[in-house]
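Comments concern the structure below.
The values are calculated or read from the model by the stated rules, or taken from the named source; none is laboratory data. Keep in mind it's a predicted model, so treat the numbers as computed, not measured. Note that we place each Cβ from the backbone using ideal geometry, even for glycine, and neighbour counts take in every protein chain shown. When the accessible area is computed, the model is the full protein with side chains, heavy atoms only, and any ligands, DNA or RNA have been set aside. Shrake-Rupley method; radii C 1.70, N 1.55, O 1.52, S 1.80 Å.
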Amino acid sequence: MMVWWLDGLLALGLLWLAWQAVTAPRLFRSVVMFIVFGLFMSLCWARLAAPDLALAEAAIGAGLTGALLLSAYRALLVRHGAGREEAPGIAPALARAIAVGSGVLFAVLAGILLTLPGAEAPAGREALARMEELALDNPVTGVLLVFRAYDTLMEMGVLLLALLGARVVAEPLRAAGPGPWRRPGLSEPVLVAPLVALLVPLIVLVAGYLLWAGTTAPGGAFQAGAVLAALGVLLRLTGRLRPTLTNSLYERAVLVLGLAVFTAAGALGLGTEGYMLSYPAGWSYPLILVVETTLMLSIALTLALLFSGSNGFRGAR
Amino acid sequence: MEQVPLYVLTAAGLFAIGVYGLLVQTHLLRRILAVNVIGNAVFLLLVAWAVRDGRPPDPVPHAMVLTGIVIAVSATAFALALLRRYYRDTGRVSLEDREDGPG
């Protein structure tokens, strides 16, 4: 049964928020609208029977992307000044022409997409039919780590590349890592410490649950990694973690851990089963658990460092 | 599923909005937002199609979109790092030249 008004509201909300994110007169409003857009997207995934995506979107799409955008906005604002945020626009006549073109694009896309026939034998049916052979119950995790493990392995490479690229072009690290209250002479807001003390164990617990549940229920390395990365962002913003110019051997090891362990597990399959990225018979469940755990750690540290814009972290004294 | 056409239409609309923003806006942060809107439109299309054969939904597009979400956030972070560096080196927030001379 279709709750038509709920889907309708979600669709209208998405379109309106996207429009605001793209055209709102003030940049700050655009950024905030985009964050809310991510939350609406997360509700859409839930409506479309994709709870795995809803979890990931809420943590990454709305949360982490939002934190990244706000931090970039602030960096532009700090030296730019509030009055000068606007870039030169394009001619109104040209903008109108582009608007008409976009309208045509929408009509053509809608016409094609609504009439496109579905695949006769989608890959997903094959994957669902073969789920019994796996030690997992969550088809999405099965596809990610067994049927299309190659994609996931390459994704870890892309994540590492993004971090390396961001490090190459990054601005010099400013001394002001944490909030201004950690500077001498200013004291931290009184509620920050108890809040952090409450949230840290809770976040670790949620991440651990998401990772563990990933084999049978919605969840997995991506969602858990995103939640852990959020913990890194929290600790970084409250000054518990300070950004550093150098990274320790330990941090470098965690960054490549997911890629290395996944490759090693895949190579193990090459030896026993005859092809890369298969799992030795009887060992798939523990191996997948190990791979997922290392993926989670690598994803979490990569995303947290991408947010921090630093090479490494150091605990505050 | 009757809700699929609605979300397919929404995806097409989001795509068009994103393309419009990408072409019309010159502020690089807005362009990054527009690219993200386009990416989300593609994700929405894939996930809407995943349920059109009925339940259970096709897990392959779900896994692809999950991968895509993580790639999108890392690409966005890279783009923002490029933007911050570009701004720091040139003092500008768009690729176009200011008409009122160097900012």
Assuming a ≥ b ≥ c are the square roots of the Cα gyration tensor eigenvalues, decide whether chain B counts as rounded (a/c under 1.5), prolate (otherwise, with a/b larger than b/c) or oblate.
-> oblate
Tabulate in residue order the Karplus-calculated ³J(HN,Hα) for segment A:253-265, using 6.51 cos²θ - 1.76 cosθ + 1.60 with θ = phi - 60°, rounded to whole Hz; enter x for Gly and Pro.
-> 4, 5, 4, 9, 4, x, 4, 5, 5, 4, 4, 5, 5
Compute for chains A and B the buried accessible surface, both sides summed, probe 1.4 Å, and express it in Å² to the nearest 100.
-> 7400
What residues have an amide H closer than 5 Å to that of A:Thr244, excluding those fewer than 5 places away on the same chain, when H is modeled at 1.01 Å from N in the peptide plane?
-> A:Asn311, A:Gly312, A:Phe313, A:Arg314
Determine ³J(HN,Hα), in whole Hz, for all residues of segment A:93-103 in sequence, where each value follows from phi through the Karplus function 6.51 cos²θ - 1.76 cosθ + 1.60 and θ = phi - 60°; x replaces Gly and Pro.
-> 4, 5, 4, 5, 4, 5, 4, 4, x, 5, x
So what is the relative contact order for segment B:3-90, in percent, with contacts set as C-alpha pairs under 8 Å and at least six apart?
-> 29
For the protein assembly as shown, the fraction of alpha-carbon pairs in successive 10 Å shells from zero, as % | 5, 21, 29, 26, 15, 4, 0
Within the accessible area of chain B, what % is carbon and sulfur when the probe is 1.4 Å and the other protein chains stay in place?
-> 62
Can you give the translational diffusion coefficient of segment A:1-80 in µm²/s, computed by Stokes-Einstein from the Kirkwood radius over Cα pairs at 20 °C and 1.002 mPa s?
-> 161
Computed accessible area, A:Val158, all protein chains, 1.4 angstrom probe, square angstrom = 60
Where in segment A:259-317 are there chymotrypsin sites (Phe, Trp or Tyr not before Pro) that are in a DSSP coil and have at most 13 other Cβ atoms within 10 angstrom of their Cβ?
-> A:Tyr275
Helix by helix through chain B, keep the DSSP H runs that span 24 Å or more along the axis on Cα and average at least 1.0 on Kyte-Doolittle, and give those back in order.
-> B:3-24, B:28-50
